[in-house]
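**Student:** Quick one: this structure, given as structure tokens, is what I'll be asking you about.
No value in this document is a laboratory result; all are computed from the given coordinates. Just so it is clear, the structure is predicted and the values come from calculations on it, not from any experiment. Neighbour counts are summed over all protein chains in view; Cβ atoms, including those assigned to glycine, are modelled from backbone coordinates with ideal geometry.
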Amino acid sequence: DGGITQSPKYLFRKEGQNVTLSCEQNLNHDAMYWYRQDPGQGLRLIYYSQIVNDFQKGDIAEGYSVSREKKESFPLTVTSAQKNPTAFYLCAGRANNQPQHFGDGTRLSIL
Amino acid sequence: AQSVTQLGSHVSVSEGALVLLRCNYSSSVPPYLFWYVQYPNQGLQLLLKYTSAATLVKGINGFEAEFKKSETSFHLTKPSAHMSDAAEYFCAAAVSGGYQKVTFGIGTKLQVIP
């Protein structure tokens, strides 16, 4: 099946710990995105990448980092500098001249 | 800068009644517009998109939306609500000519009452 695969579905983080959320795609999308979703706030862009080895900060990049070493993969690291990391995280991919296509999300909680 | 406003964070309709979810955008240029649907603990699924062709856009699951430039609106409608339509709906906009960055509204939760 083709699609955007996010793992794990649920993730728990201890205080002061970095965690990495996985996003893999087999749709040959050039562009990939990470969003954070909080109740009543819609989706806010964290980082995006339009080509391999290049990425740009979105609106709320502080406390997060990404890499894009392969076209298929765009992992997001939530660092200990992110003081309020509890949220639903969505990864999306986009082919040229097409809308974004989303994965099923990862819910991150603090222990 | 563009923005997307969804009027009503929660909307309730009876099963079989008209569904109307409101979306207004502000943009210096005509944008591309989208409606997405999200079921609990899932990602967003594209319902329909407007890209400056026909102003009335038909999407999946019987939904449609009409682009009205004079009102800067892109409201989502469905003639008859089903229980399965209960979900959260997001309106989104991208600057015309590119889908690179999309601005999302805050979402509207639709409740369908039996």
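**Student:** What do you get for Rg/Rh of region A:1-43 when both radii come from the Cα atoms and Rh is the Kirkwood radius? Present the calculation step by step, with values, prior to reporting the outcome.
**Tutor:** Details: Rg = 13.2 Å, Rh = 12.9 Å.
Rounded to two decimals, Rg/Rh equals 1.03.
**Student:** Relative contact order of chain B, please, whole-number percent, based on alpha carbon pairs below 8 angstrom and at least 6 residues apart.
**Tutor:** 38 percent.
**Student:** Let me ask something else about it. Using a cut-off of 11 Å between beta-carbons, work out the net charge of the residues near B:Gln111 (Lys and Arg +1, Asp and Glu -1, B:Gln111 not included).
**Tutor:** -2
**Student:** Shifting gears a bit: Please give, to one decimal in nm, the separation of the simple spin-label points placed at A:Thr5 and B:Leu18, each 7 Å out from Cα toward the Cβ.
**Tutor:** 4.6
**Student:** Enumerate the amide H contacts of A:Ala87 below 5 Å, restricted to partners 5 or more residues apart or on another chain; note that Pro and chain-start residues carry no placed amide H.
**Tutor:** HN-HN under 5 Å from A:Ala87: A:Leu108.
**Student:** While we're here: Can you give me the Cα centroid spacing of region A:9-24 and region B:4-65 in angstrom?
**Tutor:** Cα centroid of region A:9-24 versus Cα centroid of region B:4-65: 32 Å apart.
**Student:** Specify whether the C-alpha gyration tensor of chain A places it in the rounded, prolate or oblate class, a ≥ b ≥ c being the square roots of the eigenvalues: rounded for a/c under 1.5, otherwise prolate if a/b is larger than b/c and oblate if not.
**Tutor:** Note, shape of chain A comes out prolate.
**Student:** If a/c stays under 1.5 just call it rounded; otherwise compare a/b with b/c (prolate if a/b is bigger, oblate if not). Do that for the protein assembly as shown, with a ≥ b ≥ c from the square roots of the Cα gyration tensor eigenvalues.
**Tutor:** prolate
**Student:** Can you return the lysines within cross-link range of B:Lys58? Criterion is Cα-Cα under 27 Å, with same-chain partners fewer than 8 residues away left out.
**Tutor:** B:Lys49, B:Lys68, B:Lys69, B:Lys78, B:Lys101, B:Lys109
**Student:** Please give the residues of region B:67-81, grouped as numeric ranges, whose backbone N is less than 15 Å from a label point set 7 Å along the Cα-to-Cβ vector of B:Ala53.
**Tutor:** B:67
**Student:** Moving on to the next point. Taking K and R as +1 and D and E as -1, what net charge do the other residues with C-beta under 11 Å from the C-beta of A:Ile51 add up to? The partial results should precede the final answer.
**Tutor:** Details: positive: A:Arg68, A:Lys71; negative: A:Asp30, A:Asp54.
After counting each charged neighbour, the total is 0.
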